[in-house]
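Nothing in this text is a laboratory measurement; each read-out follows from the coordinates by a stated rule. For clarity, every value in this text was computed on a predicted model and none was experimentally measured. Cβ coordinates were reconstructed from backbone atoms using ideal geometry, including for glycine residues, and neighbour counts include every protein chain displayed.
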């Protein structure tokens, strides 16, 4: 291909492949990760592209320049870490410190020693064996985390322990690379360590520490005001686009700042995510960048597939598959033992070990550094790197195996290790949509009766005020299914819609009812006509402002006139039931079935009208 169009040919091929792969693997109930990995192999230089010389038309449907997708794939990993950071907070990280700096760092050290010892037994020098051991000790964050997310395993014991180990591994990358440089200097000096060389190597950690500190400081100062201004601009036609742009900007700038400091781009994105997790805009950011993260991660997985040399695999399959199996078995045994030592149950420990046993993407960075420094033998290192790639392909299958083994028998005792972070929000928490005067009052009463809740509002000022008062309030549009899903609508006990805009109330009710038929939905209505419309849309209970105000006035009047309170409450309840029957009678015939099904649970809704 010639001309400017050729510059984008590989990107177009990837997008076309993604459009075919995602629907296909969803229909076949296969992990999209496997689909993208397979696409990389088929479309890459070792796949169909190798036949493009004899069949030139194949060049239009294959990826000929993997380097073109490399930067996009790195950005995809950064987005993944950013999304993980959004699920954390400094408090949760502190709660996980025993897992991260205990189990995680111990996994890196022990796996490095065991694997390096095996390479020494195979005849490698101590230095080259150490480089190979350090590289293989790391696992693939970019593959493991999406695989666990797809199966809903991230928020459990396995997800927490796996993430803690992966975070420790990511933090270990910079020290490992510095260690490789120091070992190279020692090898060049004939085995003696020059203190000046060691000092220069350790000094390279200073920019990383300074950069990380500045990133945290600037994030705390800049992020909340920036997103608050974007939220205020959302009232205009360009507000939604500005929110997406701001989210993308944060990921890219944080990643580039970390890179400039000598850290990986993914670490910078993770820090930015953790900082944003402390703000009220976290939920909206999650929804805004979710599509970008999935697409860019697809680029990364395709890139891994492109790196698999099928010719080399076919030339020596026994050695390569045997080495990949050996790496997986050794790491499984080590990680399982350490996880049990740190308090995990047998089955969660086994599942954690299986998903972390294959090699990771940072192994190639360590191997490349070792070869550049001249302490990693190129032939053996290339062979090990190819086996590492094969092991990465096995992660989705190993994750499935671990899940099935874990489901055989549920452990009788809790398996959450000491020091693991508690869940951020208990399942079943009530969701309040709108946190103005009405929503705040409902929240205060729920809190008074120990009922967990989270609240959503599109007014940044109301959200900020609620958070200052200690309420769990987030900025976000509840009319979007993605937002409700992120807030846990699939497990919540009830959804309370308190906004005073009838059309927006209708939108939220329609969206929520489409997600769950059995969800209790209690909505504020403008008047009787609006209440009838809400019942037609499927609410469990509608509370019209005009009717309730009239009933309250009547109640106060009768009590002040000396009518006994019991008789007053009975008549008020009877009148309220009459109104409800009137509203339900106004529902069109086609809209009654679902509403009637919801209304058959008065004990679960507001049948006693205490809310």
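Any chance you could run the full-extension gain for residue 319 through residue 61? It's 0.36 nm times the residue separation minus the Cα-Cα distance, nm to one decimal.
Full-extension gain reported as 89.7 nm.
Pop a pseudo-label 7 angstrom from the Cα along the beta-carbon direction at both residue 578 and residue 233 and give the gap in nm to one decimal.
5.5
Once you put a point 7 Å from the Cα of residue 451 and another 7 Å from the Cα of residue 260, both along the Cβ direction, what distance in nm separates them?
Each label point is offset 7 Å from its Cα along the Cβ direction, giving 5.0 nm.
Could you give the length gained by full extension between residue 15 and residue 565, i.e. 0.36 nm per residue of separation minus their alpha carbon distance, to one decimal place?
Going from the current span to full extension adds 191.1 nm.
Set the Förster distance to 35 Å, then compute FRET efficiency between residue 222 and residue 97 from the Cβ-Cβ distance, nearest 0.05.
In this case the efficiency is close to 0.85.
For a label point 7 angstrom out from the Cα of residue 326 toward its Cβ, which stretches of the stretch 92-129 have the backbone nitrogen within less than 16 Å?
Under cut-off, by backbone N: 112-126, 128-129.
Which whole-number percent of Cα pairs in the stretch 340-397 have a distance greater than 14 Å?
For the stretch 340-397, the fraction of Cα-Cα distances above 14 Å is 62 percent.
Starting with the fewest neighbours, write out 500, 541 ranked by other beta-carbon atoms found within 10 Å of each beta-carbon.
500, 541
Computed over the Cα atoms of the stretch 430-599, what is the ratio Rg over Rh, Rh following Kirkwood?
1.00
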